[in-house]
1. Filter the stretch A:121-143 down to the residues that are among the acidic types (Asp, Glu) and in contact with a Phe, Trp or Tyr (Cβ under 9 Å, 6 or more places away or on another chain), then identify the one that is farthest from A:PHE164 (Cα to Cα).
2. Is there any pair with a first residue in the stretch B:307-321 that is more than 9 Å from chain A (Cβ to nearest Cβ) and of a type in the set (D, E, K, R) and a second that is buried (at least 22 other Cβ atoms within 10 Å of the Cβ) and in a helix (DSSP H, G or I) whose Cβ atoms are under 8 Å apart and which are 6 or more apart or on different chains, and what are they?
3. Which of the following residues is touching a strand residue (DSSP E or B) at 6+ places or on another chain (Cβ under 7 Å) and not charged (D, E, K, R): A:CYS15, A:CYS73, A:CYS22?
4. Identify all residues within the stretch A:57-77 that are more than 10 Å from chain B (Cβ to nearest Cβ) and modelled with pLDDT of 95 or more; write none if there are none.
5. Given the stretch A:118-201, what helices (runs of 4 or more DSSP H) lie entirely inside it while holding 2 or more residues that are under 21 Å from A:LEU35 (Cα atoms)?
6. Testing B:GLY296 on (1) at the interface with chain A (Cβ under 10 Å from one of its Cβ atoms); (2) modelled with pLDDT of 95 or more, one condition comes back false. Which one is that?
7. Does A:CYS81 satisfy the condition of being closer than 22 Å to A:GLY127 by Cα, more than 12 Å from every other protein chain (Cβ to nearest Cβ), under 22 Å from the mean Cα position of the chain (by Cα) and not in a strand (DSSP E or B)?
8. For the stretch B:206-259, how many residues meet the condition of being more than 7 Å from chain A (Cβ to nearest Cβ), part of a helix (DSSP H, G or I), under 16 Å from B:PRO140 (Cβ atoms) and at pLDDT 95 or above?
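The values are calculated or read from the model by the stated rules, or taken from the named source; none is laboratory data. Computed from a prediction, not measured in an experiment: that's the story for all the values here. Please note: Cβ atoms are built from the backbone with ideal geometry, for glycine as well, and neighbour counts cover all protein chains shown.
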Amino acid sequence: MKLGLVIDLDTCVGCHACATACKEWNGASAISGPLTDDSPYGADPTGVWFNRVRHYEVGEFPGCKTINFPMSCLHCEDAACVSVCPTGASYKREDGIVLVDQDRCMGCNLCAWACPYGARELDPASGTMKKCTLCVDRIYDQSLPVEEREPACVLACPTHARHFGDFDDPQSKVSQLTASRNGFGLLGELDYKPVNRYLPPRTPPQAASPAPAVASEGALARLIARARAAITG
Amino acid sequence: MHAALSVILFTVLSGMGLGAFAIVAADELARTFSARADALAPWNVAGAIALALVIAGLCFSTLHLANPKNAWRSAARFRTSWLSREAVFAVAFLATAAAFLGARWMGVAAGARVVLAVLTVGLAWVVIVCTAMIYASLKPIRAWHTWRVPLNYLLLAHASGAVLIVAILDGTAIAMQPLRMLAAGLLLVAALAKWEYRRYLAGDQRRVTLESALGVAHGVRGAGAPATVAARLLDVGHSRGTFLTREFVVTPTPVRQQAAVIAMWLGVYVLQLLWLWQGTRNPIAAALAIVVLLSGLLAERWLFFVEARHTVRLYHGERRV
């Protein structure tokens with residue numbers, strides 16, 4: 001088994017529902033909760049998150065796109081965070097999920113250094129490393145209805161930009177989506193073989209096209225040209 | 001990278017101690033195979049000080065742990081983790097080095113002493129390499145993922161260790177000229193390696209871009225689009241600092257960085273070479289040389305961390321690391 005997520009950059013609207021749903025579920029989870037916060041109502045709030053959403057602009061006007069980019073653990077096949085861990089606290093399960101045994105971790109930070117994606121965060125309250133569990137305490141829970149046996153982030157996503165499944169099964173939704181939409185992994189040059197896949201926007205962003213020549217010599221066209229020159233410097 | 005004082009002190013002090021002890025143990029071999037007969041006691045004092053430095057460094061390293069009560073587990077992943085290997089070999093070194101010093105003090109037969117000396121030198125080298133490989137094995141950090149890191153750690157450990165031994169033995173009747181030559185030679189080679197490393201840091205080899213981190217280069221861009229689609233960060237998604245920004249998105253001010261570069265070149269290399277070259281025996285100058293050397297090494301190790309840029313910085317908006 002190779003469990004993981006597909007994240008659709010075409011439909012993600014960057015609402016952070018996945019991140020907050022993750023924080024809510026895993027904060028109360030026995031696997032690695034609580035996800036502590038430091039001065040949450042103070043001037044400088046900070047805390048542990050398994051999932052962070054960042055926002056980028058790709059391409060150049062008029063072909064540019066805003067890309068909302070959620071990132072959590074990619075559950076790499078070649079997970080350096082596991083191999084560098086000196087205590088054996090970090091481990092990879094048979095189903096592909098990478099976990100941290102909170103009772104063994106000594107908080108040396110080395111796994112966070114080894115992760116190129118920033119998937120791991122040290123919880124200063126417990127002194128241990130914490131990370132996405134792929135909601136291992138939801139996906140196998142027989143007491144939940146079948147349709148709820150998915151990670152909290154997937155269930156929370158209002159635009160269905162997140163999908164969960166087994167990448168080893170070519171018939172699974174995640175495999176099919178990856179194949180049909182050219183799903184890609186991040187930082188392939190580091191060769192960690194991340195499992196999670198991202199689906200590119202259906203209309204790809206474009207680089208700047210050559211500046212359109214101001215052909216029509218009307219007063220309005222001259223005004224627009226001057227305004228554009230003033231704005232772009 | 002965030003430069004934790006505990007890790008800086010650990011690598012500087014342990015490195016110096018290991019290098020110095022390797023030289024003390026190598027001296028045992030030198031006196032076995034040549035007809036040298038200068039006093040053993042000052043060399044044993046130097047060995048004891050070197051051993052104390054290694055132990056002090058290891059103590060500092062535990063201050064870096066957020067959950068030190070699990071530190072005893074750190075030998076569990078010897079097969080894959082350089083930190084595990086370092087822990088195991090450091091304990092082995094401490095035991096062997098203590099046995100070697102004890103054997104010398106009690107005047108044990110030369111054969112046993114030579115065996116212990118060879119073991120101690122080997123273990124000292126292995127521990128230094130393990131420490132360096134903790135950093136050099138990390139692919140997301142270009143500044144560290146290179147053979148230059150173990151080379152520089154080995155050279156600096158031995159150069160600083162040699163200077164320490166010169167300073168300790170300076171007040172004794174031992175002939176200092178060969179030791180000064182050894183220290184100066186090691187310093188010169190270490191300076192050359194450091195210069196080459198800094199050239200590599202400034203160069204363009206194996207850099208990763210924001211576009212590549214986002215998949216713009218091969219994924220987001222899509223087929224048929226031009227290769228030059230650029231990306232920029234609009235919003236990082238959090239209003240204040242996170243573990244990631246504190247640990248990875250640390251940038252020194254240019255003034256501090258320049259000051260550290262100057263402190264490193266002066267303190268570790270130039271002033272030490274001048275002191276070794278002038279050759280007069282003065283305990284105050286010797287003590288001062290060590291203080292200056294340690295300050296220079298602290299600057300050098302601080303730079304090693306703050307100049308290293310992790311790929312997580314790309315997701316926080318940096319264009320290339």
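1. Filtering the stretch A:121-143 down to residues among the acidic types (Asp, Glu) leaves A:121, A:123, A:137, A:141.
Now drop any that are not in contact with a Phe, Trp or Tyr (Cβ under 9 Å, 6 or more places away or on another chain), which leaves A:121, A:123, A:137.
Numbers: A:GLU121: 23, A:ASP123: 26, A:ASP137: 14 Å.
Per the criteria, the residue is A:ASP123.
2. Taking only residues 6 or more apart or on different chains, the pairs are B:GLU318/B:LEU210; B:ARG319/B:LEU210; B:ARG320/B:LEU210; B:ARG320/B:LEU314.
3. Values: A:CYS15 fails: touching a strand residue (DSSP E or B) at 6+ places or on another chain (Cβ under 7 Å); A:CYS22 fails: touching a strand residue (DSSP E or B) at 6+ places or on another chain (Cβ under 7 Å).
Among A:CYS15, A:CYS73, A:CYS22, only A:CYS73 is touching a strand residue (DSSP E or B) at 6+ places or on another chain (Cβ under 7 Å) and not charged (D, E, K, R).
4. If we filter the stretch A:57-77 for residues that are more than 10 Å from chain B (Cβ to nearest Cβ), which is where we start, we get A:61-62, A:72-77.
If the condition is that a residue be more than 10 Å from chain B (Cβ to nearest Cβ) and modelled with pLDDT of 95 or more, then A:SER72, A:CYS73, A:LEU74, A:HIS75, A:CYS76, A:GLU77 are the ones that fit.
5. On the way: elements: A:136-139, A:152-156, A:173-180.
By residue number, A:136-139, A:152-156.
6. Single failed check for B:GLY296: (1).
7. Working: closer than 22 Å to A:GLY127 by Cα: yes; more than 12 Å from every other protein chain (Cβ to nearest Cβ): no; under 22 Å from the mean Cα position of the chain (by Cα): yes; not in a strand (DSSP E or B): yes.
Against the criterion (closer than 22 Å to A:GLY127 by Cα, more than 12 Å from every other protein chain (Cβ to nearest Cβ), under 22 Å from the mean Cα position of the chain (by Cα) and not in a strand (DSSP E or B)), A:CYS81 does not qualify.
8. Qualifying residue count, the stretch B:206-259: 1.
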